[in-house]
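The structure appears below as structure tokens.
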Amino acid sequence: MLKGLVGLVTGGASGLGRATAEQLLKQGGSVLICDLPTSKGSEVAKELGKNVAFAPVDVTAEGDVRSALQTTVDKFGRLDVVVNCAGIATATRTYNFKKNQPFDLKSFQKTIEVNLIGTFNVIRLAAGLIGKNTADADGQRGVIINTASIAAFDGQIGQAAYSASKAGIVGMTLPIARDLSKQGIRVVTIAPGLFRTPLMELLPETAIRDLEAAVPFPPRLGHPHEFALLVQSIIQNPMINGETIRIDGSLRMQP
Ligand SMILES: NC(=O)C1=CN([C@@H]2O[C@H](COP(=O)(O)OP(=O)(O)OC[C@H]3O[C@@H](n4cnc5c(N)ncnc54)[C@H](O)[C@@H]3O)[C@@H](O)[C@H]2O)C=CC1
Ligand SMILES: C[C@]12CC(=O)[C@H]3[C@@H](CCC4=CC(=O)CC[C@@]43C)[C@@H]1CC[C@@H]2C(=O)C=O
């Protein structure tokens, strides 16, 4: 049970973020869903009931994140847990030899900006608010959970930008956990394999079936709820810190 806990979930209007918001609510928590103003965040918040609110946020914008943190305080009084799920997926080869065209640098920068810098932006600003909590008996004040990808380790063709952005999240997990350890704030990253979310539905069903067949067990896409269960375990287990945990049915992606 996570009764009374206050969570902030970025990318909470869709997919893994939405499932996380639902699980925190089911366990008795309150949630601020942060997502782009163009997302379905406002409808989702209405659908999920009274312990949830929506804040329009671009995770790369300092002002948006600061105002979402203020909304958390105004609505729920404090912040205990941040789950960073906001992210974008891109697929471009480093050089397109058919078109004689290098990877567009702006597109590379955008992927890093949203996935890596956006995640760090939320962490650095939220840490100040979580640090104001009274520590529990174990000295803990809160937990920050990030979402990388197994592409951080086995990036495929076309994933230079996406894999770099996710590897950056993996790489910063331990130093940030160390930075925040004196305040009793844990920092943990989840590296999902393949989950059935709107992001994945950009792919044709035949491609999805091929991907499922490559997963040793269970040979299927993960359900967003299974990601949310890992978030819950991380919150509940105070010894998990500074680590990246894969949740992938033992999939190792091929080139
Ligand atoms: N679905 C999958 O199989 C996997 C997903 N992931 C990662 O999990 C995270 C969640 O992905 P899904 O739920 O699958 O995707 P999704 O597309 O369903 O949800 C992502 C959410 O992030 C929001 N978002 C995008 N840019 C944003 C920004 N600048 N500021 C605020 N919100 C923004 C979108 O509006 C969307 O609601 C992403 O970081 C993704 O890279 C990692 C591995 C596998
Ligand atoms: C990111 C990930 C693997 C991909 O590269 C695809 C993405 C779903 C949308 C896509 C459509 C395409 O046409 C190209 C590939 C891709 C960008 C996948 C969602 C989750 C996958 C991942 O992170 C695996 O770990």
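The values are calculated or read from the model by the stated rules, or taken from the named source; none is laboratory data. This is a predicted model, so every value here is computed, not measured. Don't worry about glycine lacking a Cβ; one is built from the backbone with ideal geometry, like all the others, and counts go over all protein chains shown. We work out accessible area using only protein heavy atoms, side chains counted, and drop any ligands, DNA or RNA first. Shrake-Rupley method; radii C 1.70, N 1.55, O 1.52, S 1.80 Å.
For this structure, a couple of remarks:
- About the Cα centre, charge dipole magnitude for the chain (Lys/Arg +1, Asp/Glu -1 at Cβ), debye: 180 debye
- The chain: relative contact order in percent, alpha carbon pairs under 8 Å with at least 6 residues between: 19 percent
- Peptides 98-104, 79-85, 196-202 ordered by packing proxy, namely the average of other Cβ atoms within 10 Å per residue, highest first: 79-85, 196-202, 98-104.
- Label point distance in nm, Y95-E226, each placed 7 Å from Cα along Cα→Cβ: 4.0 nm
- Linear extension gain, R209 paired with I112, 0.36 nm per residue minus alpha-carbon span: 32.0 nm
- Accessible area (Å², 1.4 Å probe, nearest 10) - R78: 90 Å²
- Protein-only accessible surface at a 1.4 angstrom probe places the residues S165, S67, S107 in the order S67, S107, S165, largest first.
- For a straight C-alpha distance cut-off of 24 angstrom, the lysines reachable from K106 (same-chain residues fewer than eight places away being disregarded) are K98, K166.
- Protection-proxy order for peptides 19-26, 132-139, each taking the mean of Cβ atoms within 10 Å per residue, highest first: 19-26, 132-139
- Two-decimal log10 I(q)/I(0) for the chain, as the Debye equation yields it once each C-alpha is a single scatterer, q = 0.08, 0.09, 0.16 Å⁻¹: -0.30, -0.38, -1.19
- Once divided by 2.2 N^0.38 Å, the Cα radius of gyration of the range 187-255 becomes 1.21.
- Taking amide H as placed 1.01 Å from N in the peptide plane, I190 has its amide H under 5 Å from the amide H of N146, T147, A148, I245, each at least 5 places away in sequence or on another chain.
- On the chain, 56 percent of the accessible area sits on carbon and sulfur atoms, based on a 1.4 Å probe.
- Heavy-atom SASA rank of Y95, Y162 (probe 1.4 Å, accessible area, largest first): Y95, Y162
- Alpha-carbon centroids, the range 151-180 and the range 81-95: separation in whole Å: 10 Å
- Rounded FRET efficiency, nearest 0.05, which uses the C-beta distance separating T134 from K50 and R0 of 35 Å: 0.85
- Model label sites at M239 and D104, defined 7 Å from Cα along the beta-carbon direction, differ in position by 4.9 nm.
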